[in-house]
1. Mind listing just one residue for me: the one in the stretch 214-239 that is open to solvent by 10 Å² or more (accessible area, probe 1.4 Å) and among the small types (Gly, Ala, Ser) and, of those, modelled with the lowest pLDDT?
2. I'm trying to understand the selection: among the residues of the stretch 328-356, which are open to solvent by less than 20 Å² (accessible area, probe 1.4 Å) and either assigned to a strand (DSSP E or B) or in contact with a Cys (Cβ under 7 Å, 6 or more places away or on another chain) (or both)?
3. Name every residue in the stretch 9-40 that is assigned to a helix (DSSP H, G or I), touching a Pro at 6+ places or on another chain (Cβ under 8 Å) and hydrophobic (A, V, I, L, M, F, W, C), in order of residue number.
4. Go through the stretch 66-94 residue by residue and tally those that are at pLDDT 95 or above and either over 15 Å from Ile44 (Cα atoms) or over 19 Å from the mean Cα position of the chain (by Cα) (or both).
5. Report the residue count in the stretch 180-213 for those that are under 18 Å from Tyr160 (Cβ atoms), among the acidic types (Asp, Glu) and open to solvent by 20 Å² or more (accessible area, probe 1.4 Å).
6. Name every residue in the stretch 143-179 that is among the hydroxyl-bearing types (Ser, Thr, Tyr) and either open to solvent by 80 Å² or more (accessible area, probe 1.4 Å) or part of a helix (DSSP H, G or I) (or both), in order of residue number.
7. Could you grab me the full set of residues in the stretch 39-60 that are of a type outside the set (A, V, I, L, M, F, W, C) and either farther than 16 Å from Pro10 by Cβ or buried (at least 19 other Cβ atoms within 10 Å of the Cβ) (or both)?
Amino acid sequence: MPGYKIAVLPGDGIGPEVTREAERAMIAAAQAFNFEIELEHWPIGGTALDQFDTPFPDATREACLAADAIFLGAIGDPKWDHETGARRCEAALLALRKALGGYANLRPVIVPESLVDASPLRPECVSGTDLLIVRELTGGIYFGEPRSSGEDVAANNMIYTRSEVERIARMAFSIAEKRRGHLTSVDKANVLEVSQLWRSVVTEIHELEFPNVELEHLYVDNAAIQLILHPSQFDVILTGNLFGDILSDLAGTLPGSLGILPSASFGGLVDLYEPVHGSAPDIAGKGCANPGGALLSIVMLLQRLGEMEAGARLQDGIIKTLEEGVLTRDLGGTASTTEFADAVLSRAFNFAPTAA
């Protein structure tokens, strides 16, 4: 019987609430498809700062590196905003990414017909949207050195090397080959030298290795406009760290809520899975957070582990739940976090609801 060790990092805010439902999904899938799952909980973010005086304890780092996969809930809360440098909650996320070395963040955005009316966009604009944003995760302005901060002047450097662009481009083109064969590379090559290198290398990889994939280049400002005007035109979007961060959050408007979007980070020592949404401290503890993004992240996790049928069944359960109108508050419904997850797991695995 196959077995998998998952490092679970619930984090802050609504992180523990959506993580709890993600864990239930993994347990249900394991029971239904006869594999073993071992879940180990480790602190990160503000919760870790309070307990261990650091947002990313060494024990958490070591556990993540020893796991088969990592699931992260969310990080941060305004009560820790006064912290600086390595004590900031967000520093833990950057440190985790650096420790893992996962250079590719994949964020699928699908708008099923059941959520077309939940979108703030007109139905004819958003209907049929099925895109994937491939964001370079370990380079660019978030990691560029030197960096400085002062009272009057602060500086960050956006830096990319040829090898960094080559590896993320190859992954994105490979994915596009298996989808609809179209890749849009997003940059700001009209004003940034780093984007000129990006565009040149992406074009070179396309011509030499993936001529069968259609390649389009867009400036980031135009890409943002096109995401809103006509999102269904996109298949795979490839872009750098900063632009990918912004565009993927913007894409969260398409299905009506960031709460329904999953993500995964590949290419490093251990794969990392997390919903796109933040810690949402304003609704933490109220039982109304949308666990859809967390559950869809588990779909990606199961499929990456080779449990394809289990992942497909969980995804079908999510789609059926949405189609039947079981929606959380952010999507215009009344279902609680647990009620939504109960509906998904009962449809996917005939899993018994949580006891009241």
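1. If we filter the stretch 214-239 for residues that are open to solvent by 10 Å² or more (accessible area, probe 1.4 Å), which is where we start, we get 214-222, 224-226, 228-230, 232-233.
Then drop every residue that is not among the small types (Gly, Ala, Ser), which leaves 224, 232.
Working: Ala224: 97, Ser232: 94.
Out of the qualifying residues, it is Ser232.
2. Within the stretch 328-356, Thr328, Ala335, Thr337 meet the criteria.
3. Val18, Ala22 - these are the residues of the stretch 9-40 that are assigned to a helix (DSSP H, G or I), touching a Pro at 6+ places or on another chain (Cβ under 8 Å) and hydrophobic (A, V, I, L, M, F, W, C).
4. Counting residues in the stretch 66-94 that are at pLDDT 95 or above and either over 15 Å from Ile44 (Cα atoms) or over 19 Å from the mean Cα position of the chain (by Cα) (or both) gives 4.
5. Looking only at that region, the number is 2.
6. If the condition is that a residue be among the hydroxyl-bearing types (Ser, Thr, Tyr) and either open to solvent by 80 Å² or more (accessible area, probe 1.4 Å) or part of a helix (DSSP H, G or I) (or both), then Ser149, Ser163, Ser174 are the ones that fit.
7. The answer is Pro43, Gly45, Gly46, Thr47, Asp53, Thr54, Pro55, Asp58, Thr60.
This table checks each residue for (1) out of contact with any helix residue (DSSP H, G or I) (no Cβ under 7 Å at 6 or more places or on another chain); (2) open to solvent by 20 Å² or more (accessible area, probe 1.4 Å); (3) touching a residue at least 12 places away in the same chain (Cβ under 8 Å); (4) part of a loop (DSSP other than H, G, I, E, B).
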{"site": "Asp282", "(1), (2), (3), (4)": "yes, yes, no, yes"}
{"site": "Ala289", "(1), (2), (3), (4)": "no, no, yes, yes"}
{"site": "Leu296", "(1), (2), (3), (4)": "no, yes, yes, no"}
{"site": "Leu301", "(1), (2), (3), (4)": "yes, no, yes, no"}
{"site": "Ala310", "(1), (2), (3), (4)": "no, no, yes, no"}
{"site": "Ile318", "(1), (2), (3), (4)": "no, no, yes, no"}
{"site": "Val326", "(1), (2), (3), (4)": "no, yes, yes, yes"}
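The values are calculated or read from the model by the stated rules, or taken from the named source; none is laboratory data. Because the structure is a prediction, the values reported are computed rather than measured. Counting neighbours? That spans all protein chains shown, and the Cβs are built from the backbone with ideal geometry, glycine included. Heavy atoms of the whole protein, side chains included, go into the accessibility calculation; ligands, DNA and RNA do not. Shrake-Rupley method; radii C 1.70, N 1.55, O 1.52, S 1.80 Å.
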